[in-house]
Amino acid sequence: MSHGAEKSVSIQAKVRIFRACVLPDLLYGSEVWSITIVQEQRLNTFYFKCLRTLIGVNLGNRMPNEQLLQLTGQPHINDLLITNCLRWFGHVNRMHTDDNKLSMAKKVVFSYFPRANKPRNMGTQKRWQDKITEDLEKFNIRNWRRETLDKDTWRETINRFSHSNNPSSNISEVVQQYKQKADKRRVASNVPPPPKVTEVLTKQGLKTMMVHTHVETRNVQEAFSKLKVLPDTSKHVLQNGTRNTKLQQISKMNVVI
């Protein structure tokens with residue numbers, strides 16, 4: 001994916017490179033996989049991350065996966081996994097030896113081997129045969145025994161579910177729209193929220209206290225001016241709330257203001 005973010009390469013070329021170089025390595029050996037849900041989720045995450053890189057979007061743009069598949073013209077990775085498994089399934093069903101007998105691979109696939117000495121707490125383990133049965137039901141394939149014998153018919157049957165198309169012609173406009181919406185959300189998220197009621201009440205209370213403190217200070221200054229004493233307003237109240245030394249001396253002298 002070194003060319004995924006290269007702007008000089010067209011999206012059509014990026015998709016072709018992705019299908020020719022990335023997908024074969026990603027799905028190598030998937031014909032015989034029987035993956036778990038966690039493994040399937042990891043494949044989906046990587047697959048859609050590659051598609052987002054191809055068209056130049058990220059998770060912050062909030063483009064749905066279905067929209068991403070529609071713009072790039074690519075099938076879902078689950079459909080690709082099913083197609084690969086069914087392709088190998090049809091190939092095995094056509095296998096015969098030189099003397100027109102069933103091959104060993106076909107015997108293994110279409111045979112059931114009971115699991116002896118299986119621990120009771122092992123749980124249910126999905127086999128490859130079980131996955132093939134689910135895939136046939138999902139693609140609504142009923143006459144698979146007859147269809148798999150004809151290679152061209154079987155290929156046409158399974159490829160119609162994982163067919164890829166050319167990228168959409170208006171992919172640049174759609175991507176730009178999602179980016180603009182993401183920018184608007186980003187700008188809106190930076191706007192400060194309205195003040196809370198508690199903050200407003202706290203600010204009003206502090207403002208009222210400052211007004212009362214200013215009035216009291218002015219009254220004290222007027223009282224001392226009558227006595228022709230200029231107090232130091234900066235030391236008029238100590239940190240612990242007691243009055244300064246001058247006020248204590250005046251109170252001892254019983255001076256009436």
task = For segment 143-157, enumerate the residues that are of a type in the set (S, T, Y) and either touching a Gly at 6+ places or on another chain (Cβ under 7 Å) or not in a helix (DSSP H, G or I) (or both).
result = T148
task = Can you run down the residue pairs with Cβ atoms below 8 Å, 6 or more apart or on separate chains, where the first is in segment 57-81 and more than 21 Å from F161 (Cβ to Cβ) and the partner is basic (K, R) and surrounded by 13 or more Cβ atoms within 10 Å (Cβ to Cβ)?
result = V57/K179; N58/R52; L59/R52; N61/K179; N61/K181; R62/K181; M63/R52
query = From the residues in segment 8-54 that are of a type in the set (G, A, S) and not in a loop (DSSP other than H, G, I, E, B), which one is surrounded by the fewest Cβ atoms within 10 Å (Cβ to Cβ)?
reply = A20
task = Can you work out which of the residues in segment 126-176 that are of a type in the set (D, E, K, R) and touching a Cys at 6+ places or on another chain (Cβ under 8 Å) is nearest to T36 (Cα to Cα)?
result = K131
request  = Go through segment 110-142 and count every residue that is assigned to a helix (DSSP H, G or I), modelled with pLDDT of 65 or more and of a type outside the set (S, T, Y).
outcome  = 10
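The values are calculated or read from the model by the stated rules, or taken from the named source; none is laboratory data. The structure presented is a predicted model; accordingly, all values stated were derived computationally and were not measured. Backbone-built Cβ (ideal geometry, glycine too); neighbour counts: all protein chains shown.
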